[in-house]
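Right, one structure below, let's go through it.
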Amino acid sequence: MLRAFRDAFRIPELRRKIVFTLLLLAVYRLGSSIPTPGVNGAALSNADSAGLLGLISMISGGNLSQFSIFALGVLPYITASIVIQLMTTTIPALEKLSKEGEEGRKKINQYTRYAAVGLGTIQAIFFASYINSNPSFIAVGWEPGLFTILVMVLTQIAGVAFTMWIGERITEVGVGNGISLIITAGIIAMYPGEITRTAELVRSDGGDGNWPLRLLAFVGVILVTIAGIVYVYQAERRVPVTYARARGGAAGQARGAGQATWLPIKVNQAGVIPVIFASAMLIIPNLIASATTERAPEVNAFIQTYLTFGQPLYIALEALLIFGFTYLYNSVQFDPKRIAEQLREAGGFIPGVRPGAPTAEFLGTISSRLSLWGAVFLVILTVMPQLVQRWTGISTFQFSGTGLLIIVGVALETLKQLEAQLTVRRYDGFISKGRIRGRMNRDN
């Protein structure tokens, strides 16, 4: 990996791409520290971390803790992308549009941007109303009211649009996927503060003398988690596929041996999307708790006791939701009937399996089994940090398996893109050398 980065910096074009990407990420992080007009960022930062804003801020990478101008970040765009992606497989018009090549992709991206701005507007209105309802969250010189809400909403809409522009520019001109890199930058930006708080806990001896063992166990679990993520992220089931091809001979065209390849099916096909959906669903109890503080104290007490982060019932519900969303998303993303039809149209078949319905059934069985293991992996990745924090007592570092999955996945994908561009430029160099040598031979 280090050699790939070293070689990339030796090539001027790739070096410019990397510097351009880092500069845009720096602009995004700078905007993440600028509070929205009318918001008392210090009061929001000191708010209860177990509350509504604290939970959503943990999911969004910490931007909501101060309600900066990029507080919503790429969350509306991610939600819109998932919704449009699911609709593409269910709505015939969008499915037809997705098959029209580059022009169809541009139109779908345009619809995604419009949907992201719409979702961002709804989310901005909700959070602005929440902040406006608490006078302590309003900055000095501002008054709670419609004007303050309007300023906050317009600022957030502009922030969502600018964040999308940064992500698209990184994807087009820089290196890697811009939206993924923005999410990764937001998560990594939280680590220095978390490490500092953990160091302060260790310096104060953590209340007992067992902190070295607890800290060592905590770091060991993180390293094992990273290794497991890398292993599962690259794991895939390769289904052998054979394509018939024609070979020319002296007596005309003759059918020769088939061309063998494989169909890769990843163990974790859904990525972190089931975890995001499950976290979004578990925000609902917090909404109910915040609305029933005075009206229904019994309901509020039940939610605060059993449905908060790290509680057994919360963990069990999160695990069930992850299983359900994993199977749901994989069933929409991976369509065995469509793949079997494409294989038959291309003249391909799976050895030992008849084309058509038997192939679809065979692929569906493989996908279901892999979905089971993918769901188990995501559940372990989500539940284990909560259990480790309860066992070690180190709650200062917000150890999130989801965050590690995003960071490792984005790092691997970016590295693959760098290696691919390095390979292309090496081939270009070979081709250029070949042309120069050919010209020299002709001149001679």
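The values are calculated or read from the model by the stated rules, or taken from the named source; none is laboratory data. Note that the structure is a prediction, hence the values are computed from the model and not measured. Note that we place each Cβ from the backbone using ideal geometry, even for glycine, and neighbour counts take in every protein chain shown. Keep in mind that these areas ignore ligands, DNA and RNA; they rest on the heavy atoms of the full protein, side chains included. Shrake-Rupley method; radii C 1.70, N 1.55, O 1.52, S 1.80 Å.
For segment 189-205, the residues whose amide N sits under 16 Å from a probe point set 7 Å from the Cα of residue 222 along the beta carbon direction are 189-203.
Filter the GluC sites (Glu not before Pro) in segment 64-119 to those in DSSP coil with at most 13 other Cβ atoms within 10 Å of their Cβ, and list the result.
Details: sites: 95, 100, 102, 103; in loops: 100.
Passing sites in segment 64-119 are 100.
The trypsin sites (Lys or Arg not before Pro) of segment 64-143 meeting both criteria, a DSSP state outside H, G, I, E and B (loop) and at most 13 other C-beta atoms within 10 angstrom of the site's C-beta, are 99.
The gain in end-to-end length when the residue 302 to residue 203 segment is fully stretched comes to 32.0 nm, 0.36 nm per residue minus the alpha carbon separation. In segment 333-348, which residues have a backbone nitrogen under 14 Å from the label point lying 7 Å from residue 361's Cα in the Cα-to-Cβ direction? Under 14 Å, as judged by backbone N against the label point of residue 361, lie 337 of segment 333-348. Reachable lysines from residue 337, Cα under 28 Å, same-chain residues fewer than 8 places away excluded? Within the straight-line limit of under 28 Å, residue 337 reaches these lysines: 96, 99, 106, 107, 266. Among 23, 363, the sequence by solvent-accessible area, most first, with a 1.4 Å probe is 23, 363.
As a ratio to 2.2 N^0.38 Å, the alpha-carbon radius of gyration for segment 62-213 is 1.38. Applying 0.36 nm per residue to the separation of residue 390 and residue 114 and subtracting their alpha-carbon distance, the gain on full extension is 95.1 nm.
Look at the Cα gyration tensor of segment 76-137: its axes a ≥ b ≥ c give a/c of at least 1.5 with a/b over b/c, and that counts as prolate.
Spin-label pair residue 169-residue 150: with each label point 7 Å from Cα along the Cα-Cβ axis, the two points sit 3.0 nm from one another. Estimated from the Cβ-Cβ distance and a Förster radius of 22 angstrom, the FRET efficiency linking residue 102 and residue 342 is about 0.65.
Between residue 292 and residue 236, residue separation times 0.36 nm minus the direct Cα-Cα distance comes to 15.5 nm.
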